[in-house]
Amino acid sequence: MRRDSMTFDKRTIYSGWDWDDILSSAVLAQALLRKGFKIFLEFPSPQELRNLIINKAYSVGISHKDGVRLINSTSLQYITEKRLGLVLRYDDGGRPSTIMRFANVNTLTEVALEYVQTLNEYVDVPKQLLEDVAFMSSGRLDKLSRIGRIMHRALKMNYGNKEFRSIMYNFVFNAIATKSLKIPEALIREAGKYDEAIKIARKLLKEERYVTTDNIKVLVISSKYDDELVRENISLLKPVAYDTLLKVCRTDGVAMLILETGLGHTLRVCLNRRDISFVNIVKSIPREASSKLIITMRGNHIIVKFRKPSESTLNAVLDIALSMARGVTPSRA
(Lines give C-alpha, C1' and ligand atoms only; values in the text may rest on other atoms or scores of the structure.)
Protein backbone atom coordinates (compact mmCIF):
# COMPACT_ATOMS: atom_id res chain seq x y z
CA MET A 1 0.00 0.00 0.00
CA ARG A 2 1.30 3.46 -0.88
CA ARG A 3 2.18 5.64 2.13
CA ASP A 4 0.14 8.62 0.87
CA SER A 5 -2.98 6.47 0.67
CA MET A 6 -2.66 5.21 4.23
CA THR A 7 -4.90 6.37 7.05
CA PHE A 8 -2.45 7.60 9.68
CA ASP A 9 -2.88 6.46 13.24
CA LYS A 10 -3.44 9.23 15.75
CA ARG A 11 -1.46 9.93 18.89
CA THR A 12 -2.36 12.49 21.52
CA ILE A 13 0.25 14.11 23.74
CA TYR A 14 -0.88 15.76 26.97
CA SER A 15 1.79 18.25 27.92
CA GLY A 16 2.71 20.12 31.08
CA TRP A 17 3.07 23.87 31.01
CA ASP A 18 6.71 24.88 31.46
CA TRP A 19 9.42 25.12 28.81
CA ASP A 20 10.94 21.77 29.73
CA ASP A 21 7.57 20.01 29.42
CA ILE A 22 6.81 21.64 26.10
CA LEU A 23 10.24 21.06 24.58
CA SER A 24 9.96 17.40 25.65
CA SER A 25 6.55 17.19 23.97
CA ALA A 26 8.01 18.65 20.77
CA VAL A 27 10.80 16.05 20.81
CA LEU A 28 8.26 13.24 21.20
CA ALA A 29 6.01 14.71 18.51
CA GLN A 30 8.91 14.91 16.05
CA ALA A 31 9.71 11.24 16.58
CA LEU A 32 6.09 10.11 16.27
CA LEU A 33 5.54 12.17 13.13
CA ARG A 34 8.47 10.40 11.51
CA LYS A 35 6.73 7.13 12.34
CA GLY A 36 3.72 8.30 10.34
CA PHE A 37 1.46 9.18 13.25
CA LYS A 38 -0.87 12.16 13.23
CA ILE A 39 -0.23 14.18 16.39
CA PHE A 40 -2.69 16.04 18.60
CA LEU A 41 -1.44 18.27 21.41
CA GLU A 42 -3.34 19.07 24.59
CA PHE A 43 -2.26 21.53 27.28
CA PRO A 44 -4.64 20.89 30.20
CA SER A 45 -4.76 23.59 32.86
CA PRO A 46 -4.09 22.71 36.51
CA GLN A 47 -7.84 22.84 37.13
CA GLU A 48 -8.57 20.53 34.18
CA LEU A 49 -6.01 17.99 35.40
CA ARG A 50 -8.06 17.18 38.50
CA ASN A 51 -10.80 15.39 36.56
CA LEU A 52 -8.87 14.36 33.48
CA ILE A 53 -8.74 10.81 32.14
CA ILE A 54 -5.86 10.15 29.75
CA ASN A 55 -6.53 7.02 27.74
CA LYS A 56 -4.30 5.50 25.06
CA ALA A 57 -2.10 8.58 24.89
CA TYR A 58 1.16 10.10 26.07
CA SER A 59 1.58 12.42 29.02
CA VAL A 60 4.68 14.59 29.34
CA GLY A 61 5.35 16.24 32.69
CA ILE A 62 1.95 15.05 33.94
CA SER A 63 1.38 12.12 36.30
CA HIS A 64 -1.32 10.52 38.42
CA LYS A 65 -0.04 12.67 41.30
CA ASP A 66 -1.59 15.68 39.55
CA GLY A 67 -5.04 14.15 39.99
CA VAL A 68 -5.09 12.67 36.50
CA ARG A 69 -6.15 9.10 35.76
CA LEU A 70 -3.95 7.46 33.14
CA ILE A 71 -5.13 4.32 31.36
CA ASN A 72 -3.21 2.36 28.72
CA SER A 73 -0.88 5.32 28.43
CA THR A 74 2.83 6.15 28.54
CA SER A 75 4.09 8.95 30.77
CA LEU A 76 7.42 10.78 30.71
CA GLN A 77 8.23 12.29 34.09
CA TYR A 78 11.08 14.07 35.84
CA ILE A 79 11.69 14.30 39.60
CA THR A 80 13.72 17.48 40.02
CA GLU A 81 14.99 16.98 43.57
CA LYS A 82 16.30 13.50 42.71
CA ARG A 83 17.46 14.38 39.18
CA LEU A 84 15.59 11.25 38.17
CA GLY A 85 13.82 10.65 34.87
CA LEU A 86 11.10 8.04 34.51
CA VAL A 87 9.07 6.51 31.72
CA LEU A 88 5.96 4.84 33.14
CA ARG A 89 3.43 2.62 31.46
CA TYR A 90 -0.11 2.65 32.89
CA ASP A 91 -2.24 -0.46 32.32
CA ASP A 92 -5.99 -0.68 31.70
CA GLY A 93 -6.59 -0.40 35.44
CA GLY A 94 -4.49 2.72 35.80
CA ARG A 95 -1.63 0.93 37.57
CA PRO A 96 1.82 2.32 36.71
CA SER A 97 4.98 0.34 36.08
CA THR A 98 8.40 1.80 35.40
CA ILE A 99 9.73 0.79 32.00
CA MET A 100 12.72 3.18 31.89
CA ARG A 101 14.71 4.99 34.56
CA PHE A 102 17.40 7.63 34.05
CA ALA A 103 19.62 8.80 36.92
CA ASN A 104 21.50 12.11 37.08
CA VAL A 105 19.56 13.83 34.31
CA ASN A 106 19.00 17.58 34.33
CA THR A 107 15.70 17.93 32.48
CA LEU A 108 12.65 16.10 31.24
CA THR A 109 13.87 16.88 27.73
CA GLU A 110 16.84 14.57 28.32
CA VAL A 111 14.36 11.84 29.24
CA ALA A 112 12.39 12.44 26.04
CA LEU A 113 15.54 12.33 23.91
CA GLU A 114 16.50 8.97 25.43
CA TYR A 115 12.99 7.59 25.08
CA VAL A 116 12.59 8.39 21.38
CA GLN A 117 15.74 6.38 20.67
CA THR A 118 13.77 3.30 21.77
CA LEU A 119 11.46 4.17 18.86
CA ASN A 120 14.55 4.03 16.62
CA GLU A 121 14.43 7.78 16.13
CA TYR A 122 17.04 10.43 16.88
CA VAL A 123 15.87 14.00 17.42
CA ASP A 124 18.46 16.77 17.31
CA VAL A 125 17.62 19.75 19.53
CA PRO A 126 19.61 23.00 19.19
CA LYS A 127 22.23 23.10 21.94
CA GLN A 128 21.18 26.58 23.06
CA LEU A 129 17.63 25.38 23.74
CA LEU A 130 18.87 22.43 25.77
CA GLU A 131 21.14 24.63 27.86
CA ASP A 132 18.56 27.34 28.50
CA VAL A 133 15.88 24.85 29.50
CA ALA A 134 18.34 23.21 31.90
CA PHE A 135 19.21 26.59 33.44
CA MET A 136 15.52 27.43 33.87
CA SER A 137 14.80 24.05 35.44
CA SER A 138 17.64 24.45 37.94
CA GLY A 139 16.86 28.09 38.74
CA ARG A 140 20.20 29.34 37.35
CA LEU A 141 18.56 32.24 35.57
CA ASP A 142 21.76 34.30 35.56
CA LYS A 143 23.19 31.76 33.10
CA LEU A 144 20.44 32.20 30.50
CA SER A 145 21.29 33.38 27.01
CA ARG A 146 19.42 36.28 25.43
CA ILE A 147 17.00 33.76 23.92
CA GLY A 148 16.60 32.01 27.25
CA ARG A 149 15.82 35.28 29.02
CA ILE A 150 13.11 36.06 26.48
CA MET A 151 11.65 32.57 26.89
CA HIS A 152 11.69 32.80 30.68
CA ARG A 153 10.18 36.28 30.87
CA ALA A 154 7.50 35.57 28.28
CA LEU A 155 6.40 32.47 30.21
CA LYS A 156 6.48 34.41 33.48
CA MET A 157 3.92 36.84 32.09
CA ASN A 158 1.70 34.05 30.76
CA TYR A 159 2.02 31.24 33.27
CA GLY A 160 -1.74 30.90 33.65
CA ASN A 161 -2.47 31.41 29.94
CA LYS A 162 -3.42 28.13 28.31
CA GLU A 163 -3.50 29.57 24.79
CA PHE A 164 0.09 30.80 25.14
CA ARG A 165 1.31 27.18 25.27
CA SER A 166 0.64 26.82 21.55
CA ILE A 167 2.98 29.74 20.85
CA MET A 168 5.64 28.15 23.04
CA TYR A 169 5.20 24.76 21.37
CA ASN A 170 5.31 26.13 17.83
CA PHE A 171 8.56 27.95 18.60
CA VAL A 172 10.44 24.92 19.95
CA PHE A 173 8.93 22.53 17.39
CA ASN A 174 10.07 24.76 14.52
CA ALA A 175 13.46 25.25 16.18
CA ILE A 176 13.97 21.48 16.15
CA ALA A 177 12.70 21.13 12.59
CA THR A 178 14.64 24.04 11.07
CA LYS A 179 17.54 24.45 13.56
CA SER A 180 16.65 28.15 13.60
CA LEU A 181 16.22 29.98 16.90
CA LYS A 182 14.44 32.99 15.46
CA ILE A 183 12.25 34.28 18.29
CA PRO A 184 8.60 34.91 17.35
CA GLU A 185 7.34 38.45 17.83
CA ALA A 186 4.76 37.15 20.31
CA LEU A 187 7.51 35.95 22.66
CA ILE A 188 9.47 39.19 22.34
CA ARG A 189 6.34 41.22 23.03
CA GLU A 190 5.41 39.23 26.13
CA ALA A 191 8.97 39.34 27.45
CA GLY A 192 8.82 43.12 27.14
CA LYS A 193 5.82 43.13 29.46
CA TYR A 194 7.99 41.50 32.11
CA ASP A 195 10.41 44.43 32.04
CA GLU A 196 7.48 46.82 32.36
CA ALA A 197 6.05 44.82 35.27
CA ILE A 198 9.37 44.88 37.15
CA LYS A 199 9.52 48.68 36.82
CA ILE A 200 6.02 49.00 38.29
CA ALA A 201 6.88 46.60 41.12
CA ARG A 202 9.96 48.68 41.97
CA LYS A 203 7.81 51.80 42.02
CA LEU A 204 5.36 50.04 44.33
CA LEU A 205 8.17 49.34 46.79
CA LYS A 206 9.84 52.73 46.46
CA GLU A 207 6.57 54.57 47.13
CA GLU A 208 5.67 52.16 49.95
CA ARG A 209 2.36 51.13 48.39
CA TYR A 210 1.90 48.21 50.77
CA VAL A 211 0.50 47.53 54.22
CA THR A 212 2.90 47.69 57.15
CA THR A 213 2.13 45.93 60.42
CA ASP A 214 4.59 45.33 63.26
CA ASN A 215 7.35 46.51 60.89
CA ILE A 216 6.45 43.76 58.42
CA LYS A 217 5.66 44.64 54.82
CA VAL A 218 2.48 43.03 53.46
CA LEU A 219 2.36 43.30 49.67
CA VAL A 220 -1.18 43.37 48.33
CA ILE A 221 -1.75 42.52 44.66
CA SER A 222 -5.51 42.66 44.25
CA SER A 223 -8.07 44.49 42.15
CA LYS A 224 -9.89 45.13 45.45
CA TYR A 225 -6.93 46.95 46.98
CA ASP A 226 -7.39 50.67 47.52
CA ASP A 227 -4.40 51.72 45.45
CA GLU A 228 -4.70 53.03 41.92
CA LEU A 229 -1.24 51.88 40.81
CA VAL A 230 -1.98 48.30 41.82
CA ARG A 231 -5.51 48.21 40.40
CA GLU A 232 -4.54 49.67 37.02
CA ASN A 233 -1.58 47.32 36.61
CA ILE A 234 -2.98 44.16 38.19
CA SER A 235 -2.37 41.99 35.09
CA LEU A 236 1.30 43.03 35.02
CA LEU A 237 1.90 42.81 38.76
CA LYS A 238 0.41 39.35 39.32
CA PRO A 239 3.12 37.48 37.36
CA VAL A 240 5.94 39.24 39.24
CA ALA A 241 4.29 39.25 42.68
CA TYR A 242 6.26 36.23 43.91
CA ASP A 243 9.58 37.70 42.73
CA THR A 244 8.72 40.96 44.48
CA LEU A 245 7.98 39.09 47.71
CA LEU A 246 11.37 37.36 47.53
CA LYS A 247 13.11 40.68 46.99
CA VAL A 248 11.54 42.17 50.13
CA CYS A 249 12.13 38.96 52.10
CA ARG A 250 15.84 38.93 51.26
CA THR A 251 16.15 42.51 52.48
CA ASP A 252 13.91 42.41 55.56
CA GLY A 253 14.16 38.77 56.59
CA VAL A 254 10.38 38.40 56.60
CA ALA A 255 7.60 39.58 54.28
CA MET A 256 4.04 38.73 53.29
CA LEU A 257 2.12 38.67 50.03
CA ILE A 258 -1.65 38.74 49.55
CA LEU A 259 -2.42 37.74 45.98
CA GLU A 260 -5.77 37.70 44.21
CA THR A 261 -6.32 34.49 42.22
CA GLY A 262 -9.18 32.88 40.37
CA LEU A 263 -10.19 31.28 43.67
CA GLY A 264 -10.13 34.35 45.87
CA HIS A 265 -7.12 35.64 47.80
CA THR A 266 -4.16 33.67 49.15
CA LEU A 267 -1.51 34.64 51.69
CA ARG A 268 2.16 33.72 51.46
CA VAL A 269 4.62 34.37 54.27
CA CYS A 270 8.34 34.34 53.43
CA LEU A 271 10.74 33.83 56.33
CA ASN A 272 14.48 34.32 55.96
CA ARG A 273 15.43 34.53 59.64
CA ARG A 274 16.36 31.65 61.92
CA ASP A 275 15.44 33.53 65.08
CA ILE A 276 11.75 33.51 64.16
CA SER A 277 9.59 30.42 64.63
CA PHE A 278 7.20 29.15 61.97
CA VAL A 279 5.21 27.53 64.77
CA ASN A 280 4.68 30.84 66.57
CA ILE A 281 3.53 32.50 63.37
CA VAL A 282 0.93 29.82 62.69
CA LYS A 283 -0.17 29.69 66.34
CA SER A 284 -0.94 33.40 66.21
CA ILE A 285 -3.93 32.74 63.92
CA PRO A 286 -7.17 32.85 65.97
CA ARG A 287 -8.59 29.37 66.55
CA GLU A 288 -11.98 30.24 65.06
CA ALA A 289 -10.24 31.36 61.86
CA SER A 290 -7.71 28.52 61.58
CA SER A 291 -10.46 25.92 61.16
CA LYS A 292 -11.45 27.63 57.91
CA LEU A 293 -7.95 27.58 56.48
CA ILE A 294 -5.60 25.27 54.61
CA ILE A 295 -2.06 25.99 55.84
CA THR A 296 0.95 24.46 54.10
CA MET A 297 4.70 24.94 54.40
CA ARG A 298 7.08 24.89 51.45
CA GLY A 299 10.70 25.55 52.25
CA ASN A 300 10.85 28.85 54.06
CA HIS A 301 7.31 29.81 53.07
CA ILE A 302 3.91 29.47 54.71
CA ILE A 303 0.95 29.41 52.31
CA VAL A 304 -2.53 30.12 53.63
CA LYS A 305 -5.77 29.56 51.72
CA PHE A 306 -9.40 29.52 52.77
CA ARG A 307 -11.13 26.17 52.39
CA LYS A 308 -14.09 27.97 50.85
CA PRO A 309 -12.95 30.36 48.11
CA SER A 310 -16.06 32.48 48.67
CA GLU A 311 -14.70 33.39 52.11
CA SER A 312 -11.26 34.44 50.88
CA THR A 313 -12.00 38.14 50.51
CA LEU A 314 -9.23 40.69 50.69
CA ASN A 315 -10.33 41.89 54.13
CA ALA A 316 -10.55 38.34 55.50
CA VAL A 317 -7.05 37.44 54.30
CA LEU A 318 -5.68 40.76 55.48
CA ASP A 319 -7.03 40.00 58.97
CA ILE A 320 -5.16 36.68 58.91
CA ALA A 321 -1.97 38.46 57.82
CA LEU A 322 -2.25 40.96 60.67
CA SER A 323 -2.75 38.13 63.16
CA MET A 324 0.25 36.20 61.85
CA ALA A 325 2.41 39.32 61.99
CA ARG A 326 1.96 39.35 65.76
CA GLY A 327 3.64 35.95 65.89
CA VAL A 328 6.75 37.22 64.15
CA THR A 329 8.86 37.74 67.25
CA PRO A 330 12.40 36.42 67.71
CA SER A 331 12.68 33.17 69.64
CA ARG A 332 14.45 33.40 72.98
CA ALA A 333 17.56 31.35 73.40
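The values are calculated or read from the model by the stated rules, or taken from the named source; none is laboratory data. Since this is a predicted model, take the numbers as computed values, not measurements. Heads up, the Cβs are rebuilt from the backbone with ideal geometry, glycines too, and the neighbour counts pull from every protein chain shown.
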task = Tell me, yes or no, whether region 209-220 has at least one residue that is without any contact (Cβ under 8 Å) to a residue 60 or more places away in the chain, out of contact with any strand residue (DSSP E or B) (no Cβ under 8 Å at 6 or more places or on another chain) and either of a type in the set (Val, Ile, Thr) or part of a helix (DSSP H, G or I) (or both).
result = no
key: region 147-161: number of residues that are modelled with pLDDT of 95 or more, of a type in the set (Gly, Ala, Ser) and surrounded by fewer than 18 Cβ atoms within 10 Å (Cβ to Cβ)   = 0
Selection from region 162-177 of residues that are crowded, with 16+ Cβ neighbours inside 10 Å, in contact (Cβ under 8 Å) with a residue 60 or more places away in the chain and either under 19 Å from Glu42 (Cβ atoms) or basic (Lys, Arg) (or both) = Arg165, Met168, Tyr169, Val172, Phe173
note = When restricted to Ser180, Ser235, the only residue of a type outside the set (Val, Ile, Thr), within 18 Å of Val133 (Cβ to Cβ) and free of Cβ contacts under 8 Å to residues at least 12 places away in the same chain is Ser180
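This table checks each residue for (1) basic (Lys, Arg); (2) outside any helix (DSSP H, G or I); (3) in the same structural domain as Leu237 (by TED's automatic domain parsing).
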site: Val125; (1), (2), (3): no, yes, no
site: Leu155; (1), (2), (3): no, no, no
site: Lys162; (1), (2), (3): yes, yes, no
site: Arg165; (1), (2), (3): yes, no, no
site: Val172; (1), (2), (3): no, no, no
note = Exception for Gly94 within (1) more than 23 Å from the chain's Cα centre (by Cα); (2) in a loop (DSSP other than H, G, I, E, B); (3) within 18 Å of Ile22 (Cβ to Cβ); (4) among the small types (Gly, Ala, Ser) falls at (3)
query = What number of residues in region 25-77 are out of contact with any Phe, Trp or Tyr (no Cβ under 9 Å at 6 or more places or on another chain), not in a loop (DSSP other than H, G, I, E, B) and not aliphatic (A, V, I, L, M)?
reply = 8
request  = Check whether at least one residue in region 101-117 is touching a residue at least 60 places away in the same chain (Cβ under 8 Å), surrounded by fewer than 16 Cβ atoms within 10 Å (Cβ to Cβ) and either at positive phi or not acidic (Asp, Glu) (or both), and report yes or no.
outcome  = no
query = In region 243-292, which residues are buried (at least 21 other Cβ atoms within 10 Å of the Cβ) and at positive phi?
reply = none
Which numbered condition Ser180 fails, given (1) of a type outside the set (A, V, I, L, M); (2) buried (at least 19 other Cβ atoms within 10 Å of the Cβ); (3) under 23 Å from Glu110 (Cβ atoms); (4) at pLDDT below 95 = (2)
ask   = Val116 fails exactly one of the following numbered conditions: (1) under 22 Å from Val172 (Cβ atoms); (2) under 21 Å from the mean Cα position of the chain (by Cα); (3) not aromatic (Phe, Trp, Tyr). What is the number of that condition?
value = (2)
query = Somewhere in region 28-48, is a residue in contact (Cβ under 8 Å) with a residue 60 or more places away in the chain and touching a Ser or Thr at 6+ places or on another chain (Cβ under 6 Å)?
reply = yes
